[in-house]
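The values are calculated or read from the model by the stated rules, or taken from the named source; none is laboratory data. These figures come from a predicted structure and were not determined experimentally. Note: ideal-geometry Cβ built from the backbone for every residue, glycine included; neighbour counts use all protein chains shown.
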Amino acid sequence: MTATKPILRVLIVDDNRDGADALGLVVEALGNQVHVTYGGSQALDVATAFRPDLMLIDLAMPDMDGCHLVKQFRQLPAFTRSKIVAITGHADEGHRTLAKKAGFDAVLAKPVALKDIEGVLDGVKVVSSRQPPKPRSGIPGTHSRLPMGEARRIRSERPSKALTQAESQAAICEGIIGFQEEYMGLRSEQIHSHFIKDLLVVRIHGTLTLAERQLGKAVSPEKGRDLIKQTRKQLLELARPMLESLVHEVTGVKVQSMHHDISTVTGEEVVVFTLVDSPRFG
């Protein structure tokens, strides 16, 4: 009996949008979950939220080249042993040597051949659990739900006038679920949120709607993927003032920016809020 290959989380970083999207479609078609970002400056935040098993990073990018980016990844404990592969149009021995010294595990030449992609994917070992951490006993966990009215009551009765981190995460989960129900007619029970310094990462384990699945079948895979992502992003942008207000009320810190991505294979969404400062919890 043949063992089922695990679904890998793959992050693609390339300023060439057409090339990045094309590579993403190939990796998705092989049964994996893909997130694409079009430059190195966003990649650190996206990787922190997405927790990829494999990263495919272009070497030549205008905002931050791949060698500089991989050095930053290797300095972070979460990515010291991650599989990170360079993709480049300059795959001569000199560029390969520079990439290896910077911290890449391998170098693939553009256009990347299917056999090379499959070889890299087959060599990735999923070393960390993808399940969110279990909440400590007696404290609301990241899967817990805390209505805003209850959160306000707790805050009013507390000397610090602040929620704990677990309570804040639970209130944000409740607010996001409410947004989905009101704006999209969805109900995703599996939602996880957590804070990393000045970042709030929300992971929604949902599914694509019937309309989105039909949309993906009605047009080419490239256009279907883009339309699904654009539709979800536009809906989120419509609700952005409400979501930023929710985060501000819960944490007491304003939102500086918001990044959204969705897997068109699994329907999982990741929303990353960059805050102007790290929250102070009760």
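If you go through the stretch 1-36 and keep only what is assigned to a strand (DSSP E or B) and over 19 Å from G89 (Cβ atoms), you end up with R9, V10, L11, Q33, V34, H35.
Only one residue in D58, D45, D53, D63 is touching a strand residue (DSSP E or B) at 6+ places or on another chain (Cβ under 7 Å), surrounded by fewer than 22 Cβ atoms within 10 Å (Cβ to Cβ) and either at pLDDT below 90 or under 26 Å from K229 (Cα atoms) (or both). Which one?
Numbers: D58 fails: surrounded by fewer than 22 Cβ atoms within 10 Å (Cβ to Cβ); D53 fails: surrounded by fewer than 22 Cβ atoms within 10 Å (Cβ to Cβ); D63 fails: touching a strand residue (DSSP E or B) at 6+ places or on another chain (Cβ under 7 Å).
Residue meeting the stated conditions: D45.
Somewhere in the stretch 255-263, is a residue in a strand (DSSP E or B), among the hydroxyl-bearing types (S, T, Y) and in the same structural domain as G178 (by TED's automatic domain parsing)?
Of all residues in the stretch 255-263, those in a strand (DSSP E or B) come to 255-262.
Among the residues that remain, those that are also among the hydroxyl-bearing types (S, T, Y) are: 257.
If we keep only those that are in the same structural domain as G178 (by TED's automatic domain parsing) too, we end up with 257.
The answer is yes; a qualifying residue exists.
Of the residues in the stretch 75-104, how many are part of a helix (DSSP H, G or I), within 25 Å of I196 (Cα to Cα) and hydrophobic (A, V, I, L, M, F, W, C)? I'd like the intermediate steps shown before the answer.
Residues of the stretch 75-104 that are part of a helix (DSSP H, G or I), as a first pass: 77-79, 93-102.
If we keep only those that are within 25 Å of I196 (Cα to Cα) too, we end up with 77-79.
Retained after the next criterion (residues that are hydrophobic (A, V, I, L, M, F, W, C)): 78-79.
Of the residues in that region, 2 qualify.
Inside the stretch 66-86, residues that are among the β-branched types (V, I, T) and either in contact with a Pro (Cβ under 7 Å, 6 or more places away or on another chain) or at pLDDT below 90 (or both) make up a count of 1.
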